[in-house]
Amino acid sequence: MTPTAAFRFDNSYARELPGFYAACRPAPAPEPRLLFVNHALAQALGLDADALDGPAGAALFAGKALPEGAQPIAQAYAGHQFGGFSPQLGDGRALLIGEILDRQGQRRDIAFKGSGRTPYSRGGDGKAAVGPMLREVLIGEAMHALGIPTTRALAVAATGEPVYRDRVLPGAVLTRVAASHLRVGTFQYFAARDDAARLRQLRDYAIARHDPALADAPQPVLALLDAVAQRQARLIAQWMNVGFIHGVMNTDNMTISGETIDYGPCAFMEAFDPDTVFSSIDHQGRYAYGNQPRIAQWNLARLAEALLPLLVPEGRAEDEAAVERAVADATAVIETFPTRFDTALRAGQRAKLGLHARPATPDDAPPAKNEDPATVLADDWLALLQRQQVDHTLAWRHLADAAAGDETPLRALFADPAALQPWLARWRALCAAEAPMPATERAAALRAANPRIIPRNHRVEEALAAASDHGDLGPFERLLAALQQPFADDPALARYAEPAPREITERYRTFCGT
Ligand code: AMP
Ligand code: MG
């Protein structure tokens, strides 16, 4: 089978939502060369994975030979970037080429990133470079292996064309797979234009695609807002529990599906510190690790604002009481966010501590902070890590060794291990009281909840430099293989588990839109 025949497209967005996008062809790539194909993902998508390799696959994934049935479009969206509203962003260097149903029957977007200028490119060149696109592969696959909802990379092809940044870089196109590319910013685009008709169309499309059960809810729009808030609360809690810092949580980078999207300036935290920021453009620390829950809630409030015209019953837009009621309803949903986030965060922390899930309470509200010993224990643990600048990932991971009877690796992470002892005693006591189990069983549970391997910034940079500067994909491939088994104890992967030297982390900066 030729790759161009491998996709069975069914392009609902292009078909159902005229006026929501601009049709646009990918730029011709002079010399396509495949750098990466995700065979496991291709299989899950029901594609003939082997047919995607070779020169035909290279031409396909560089945007040179579009597969049959593809209908490339640049999607319109707006967005709050660092708090300021841009009414027109849109796919400036991306194209949705079509949708397919995967083996589970789930609809998936197949999209290019870096495939050239579109009507939404503004001053940009529409291009992407090899390094950042391979970075998106590494972080996305790491997130997936960690069990965190994410868009995923299907392929990266070098274009054979230079891309001009602060220096000349090899160009590349990433093929990205997503549950959809609907964003908070997609709703904002039509709300900003007072286009109630299209806003309604978008509501129907989003509900049909992501929450079909809500179509019959008494207030479907409110239910949609609620569902997005719930997905985001869970997502951000997962980010926090692995030390992930997105870096650019603009409303155009927050999905309706609840998948993590746009791995630009993101990075994983090393020593625990809620103020950690890596992005070179985030001068105020708006998107610092510890701010992420608050920012997610802020973004959801922007979604609520965009949905407001649909929350007021039709024909009642001038009725003050009706508008007030709609605002109150939406506000009530937004105000649930901190509790939902906390519930998800605490559930994750319980697993990370080796405790059983807390039995559900009728209203599913977490117990007051100082009433739940696991919460107090987790907070004290993080405070201890912060005070002694301990590596977040390894500290959690070495709890497994401590559970198995060897405290040495954990103690070695602390400058003053004596301060750890009282906490360890409390932890052991709580484990014994709440979740008694044999030591080996607890150690195994802890190893399944606390990853050993995350994308360490120095390893990511090393792999990208080899690929981008020297055309050597070896380090990238080896790092990717390690990231795909984050919970493994394989001694051969030890170099990927080690933190970066502190001097490197202190100087580490990530870049946006690169
Ligand atoms: P991001 O912060 O990467 O999600 O991008 C924000 C906006 O800038 C989106 O509308 C992108 O399409 C656009 N953009 C980023 N890089 C480029 C580029 N090189 N050329 C054109 N548009 C771009
Ligand atoms: Mg974006």
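The values are calculated or read from the model by the stated rules, or taken from the named source; none is laboratory data. Source: prediction; values computed, not measured. Note that we place each Cβ from the backbone using ideal geometry, even for glycine, and neighbour counts take in every protein chain shown. Quick note on the areas: whole protein, heavy atoms, side chains included, nothing else; ligands and nucleic acids left out. Shrake-Rupley method; radii C 1.70, N 1.55, O 1.52, S 1.80 Å.
Out of the residues in region 218-261 that are among the acidic types (Asp, Glu) and within 16 Å of ligand 2 (Cβ to nearest atom), state the one that is surrounded by the fewest Cβ atoms within 10 Å (Cβ to Cβ). Across region 218-261, the extreme among qualifying residues is 259. Looking across 63, 105, 98, 116, one residue alone is more than 16 Å from ligand 2 (Cβ to nearest atom), open to solvent by 10 Å² or more (accessible area, probe 1.4 Å) and at positive phi. It is 105. Within the set of pairs 6 or more residues apart or between chains, which connect a residue that is more than 16 Å from ligand 2 (Cβ to nearest atom) inside region 183-202 to a residue that is part of a strand (DSSP E or B) with Cβ atoms less than 8 Å apart? These pairs meet every condition: 192/85. Can residue 274 be described as open to solvent by 10 Å² or more (accessible area, probe 1.4 Å), part of a loop (DSSP other than H, G, I, E, B) and either more than 22 Å from residue 132 (Cβ to Cβ) or in contact (Cβ under 8 Å) with a residue 60 or more places away in the chain (or both)? Yes.
Within region 140-159, count every residue that is part of a helix (DSSP H, G or I) and either in contact with a helix residue (DSSP H, G or I) (Cβ under 7 Å, 6 or more places away or on another chain) or crowded, with 23+ Cβ neighbours inside 10 Å (or both).
Of the residues in region 140-159, 5 are part of a helix (DSSP H, G or I) and either in contact with a helix residue (DSSP H, G or I) (Cβ under 7 Å, 6 or more places away or on another chain) or crowded, with 23+ Cβ neighbours inside 10 Å (or both).
Counting only helices (runs of 4 or more DSSP H) that sit wholly inside region 410-514, those with at least 3 residues that are within 30 Å of residue 282 (Cβ to Cβ) and open to solvent by 20 Å² or more (accessible area, probe 1.4 Å) are 457-470, 502-507. Yes or no: region 233-246 includes at least one residue that is in a loop (DSSP other than H, G, I, E, B) and within 16 Å of ligand 1 (Cβ to nearest atom). Yes, the conditions are met somewhere in region 233-246. Can you tell me which of (1) away from ligand 1 (no atom under 14 Å from the Cβ); (2) over 22 Å from residue 245 (Cβ atoms) is the one residue 95 doesn't meet? So the condition that residue 95 fails would be (1). Checking each residue in region 278-322 for being of a type in the set (Val, Ile, Thr) and open to solvent by less than 40 Å² (accessible area, probe 1.4 Å) picks out 295, 312. Among the residues making up region 19-41, those that are under 22 Å from the mean Cα position of the chain (by Cα) and more than 18 Å from residue 160 (Cβ to Cβ) are 38, 39, 40, 41. Scan region 317-328 and give yes if some residue there is under 30 Å from residue 192 (Cα atoms), in a helix (DSSP H, G or I), among the small types (Gly, Ala, Ser) and touching a residue at least 60 places away in the same chain (Cβ under 8 Å), otherwise no. Checked against the condition, which is being under 30 Å from residue 192 (Cα atoms), in a helix (DSSP H, G or I), among the small types (Gly, Ala, Ser) and touching a residue at least 60 places away in the same chain (Cβ under 8 Å), region 317-328 yields no hits at all.
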